[in-house]
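Everything below concerns the one structure shown next.
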Amino acid sequence: MKSIRELYRIGTGPSSSHTMGPRNAAEQFRNRHPEAKSFQVTLYGSLAATGKGHLTDTAILDTLEPVAPTEIIWEPRTFLPFHPNGMLFKAFDAEGNMLDKWTVFSVGGGALAEDGGCSNPSPDIYPMTTMTEILRWCKKTGRSYWEYVEQCEGPEIWSYLSEVWKTMKEAVERGIDSEGILPGPLNLQRKAYKYYIRSTGYKDNLRSRGLVFAYALAVSEENAAGGKIVTAPTCGSCGVVPGVLYHLAKSREFSETRMLHALATAGLFGNIVKENASIAGAEVGCQGEVGVACAMASAAACQLFGGSASQIEYAAEMGLEHHLGMTCDPICGLVQIPCIERNAYAAARALDSNIFSTFSDGNHRVSFDKVVQVMKQTGHDLPSLYKETAEGGLAKDFTQME
């Protein structure tokens, strides 16, 4: 299992698989062929179906066109066998002779893979890759999930997570202060600042819920506007973890160290899903994005409130279980409707999962690993029109309101 650095990627939105991944691929291909006189990029499946809404073409053209003219070919009906987010890069010389071609896939969270393996693979550093194993280790040694992260990653992980936390907080604060319309044909107004202002007028319980809504909305809106965010585990679900953690940091005054430990634990749970299933909406639907983000935030919140290893695992299990089957059906292919609202609801659900688990003794029948397996199978069983193609569900036959 890879480093959580590959789960928490700092970059710009609106989509980790449709914007970050293609940009990374274009950068790699450009660096291989600085002598090219022209490029051609074919986008397949989900990348082609919703690429314009996700600024896929912009990310690629901004990277390749400074070197040479670039043509984008869209093939939304063609799905390559390895993964729904396929790309074929070609480089040509001045006479039009092909210098090289490269088929690569954007597999979620900004990561790339080639058919049969990762592109530029990094080493596996986690020997235990299921939560059942790690939970058993925690009980045997008396240590916490974050200590397992530190043991595998080394103490330098804390400086990286400090930068992650800083970026998350800045995204919340920018989003809270921003007004206006998000980019795209939906003319969707930002809501975070309204929720923030209105929440201050309520008493404790409703104020708390309104604030976590506002913080999650703020980051999701920043992402939709192409702002700087952290994948947690993806761009489309990037508001859940910072929404919950920012709220708890502000309201409970947890120390910076405790927040970083919570981020490490959240990252470990997200990493388990990435290793054993998928976090790509194009592969398993929104359950792999918002569902996993909810599980991560649930685990982080439970740890902050002193939950045991079993209670933390239970909170994460509930966060994911109750998103099983969630489709990825972005209207107009934009990470706006229903994505932004889902981030806010999942943040609130994460807090509820924490409360529910801490009322228990941590014992439960369905393990986190079992839910991950079910999520993977459910995702594979979903028809492609419910997996980020903007052809089914809420996106089907949508007509913009006049």
* Structure fact -> Taking first residues from segment 211-231 that are touching a residue at least 60 places away in the same chain (Cβ under 8 Å) and farther than 14 Å from TYR193 by Cβ and second residues anywhere that are open to solvent by 10 Å² or more (accessible area, probe 1.4 Å) and hydroxyl-bearing (Ser, Thr, Tyr), the pairs with Cβ under 8 Å that are 6 or more apart or on different chains are GLY226/THR12; GLY227/THR12; LYS228/THR12; ILE229/THR12
* To do: Could you look through segment 103-134, keep only residues that are aliphatic (A, V, I, L, M) and open to solvent by 30 Å² or more (accessible area, probe 1.4 Å), and pick out the one that is modelled with the lowest pLDDT?
  => VAL107
* Asked: Regarding HIS83, is this residue part of a loop (DSSP other than H, G, I, E, B), open to solvent by less than 50 Å² (accessible area, probe 1.4 Å) and either aromatic (Phe, Trp, Tyr) or touching a Phe, Trp or Tyr at 6+ places or on another chain (Cβ under 8 Å) (or both)?
  -> yes
* Restricting attention to segment 377-398, does a residue exist that is within 17 Å of GLY239 (Cβ to Cβ) and either open to solvent by 10 Å² or more (accessible area, probe 1.4 Å) or modelled with pLDDT of 95 or more (or both)? -> no
* **Test for THR389: is it in contact with a helix residue (DSSP H, G or I) (Cβ under 9 Å, 6 or more places away or on another chain) and assigned to a helix (DSSP H, G or I)** => no
* To do: Sort out for me the helices (runs of 4 or more DSSP H) sitting completely within segment 237-288 that have 3 or more residues that are within 17 Å of GLU150 (Cβ to Cβ) and open to solvent by 10 Å² or more (accessible area, probe 1.4 Å).
  => 256-276
* Asked: Looking at segment 133-186, which of its residues are in contact (Cβ under 8 Å) with a residue 60 or more places away in the chain and not in a helix (DSSP H, G or I)?
  -> SER144, LEU182, GLY184, PRO185, LEU186
* Are any residues in segment 52-76 over 15 Å from GLY333 (Cα atoms) and out of contact with any Leu (no Cβ under 8 Å at 6 or more places or on another chain), and if so, which ones? -> ALA59, ILE60, LEU61, ASP62, THR63, LEU64, GLU65, PRO66, VAL67, ALA68, PRO69, GLU71
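The values are calculated or read from the model by the stated rules, or taken from the named source; none is laboratory data. What you see is a predicted model, and the numbers here were worked out from it, not measured in a lab. Note: ideal-geometry Cβ built from the backbone for every residue, glycine included; neighbour counts use all protein chains shown. In case anyone asks, the SASA skips ligands and DNA or RNA and just uses the protein heavy atoms, side chains included. Shrake-Rupley method; radii C 1.70, N 1.55, O 1.52, S 1.80 Å.
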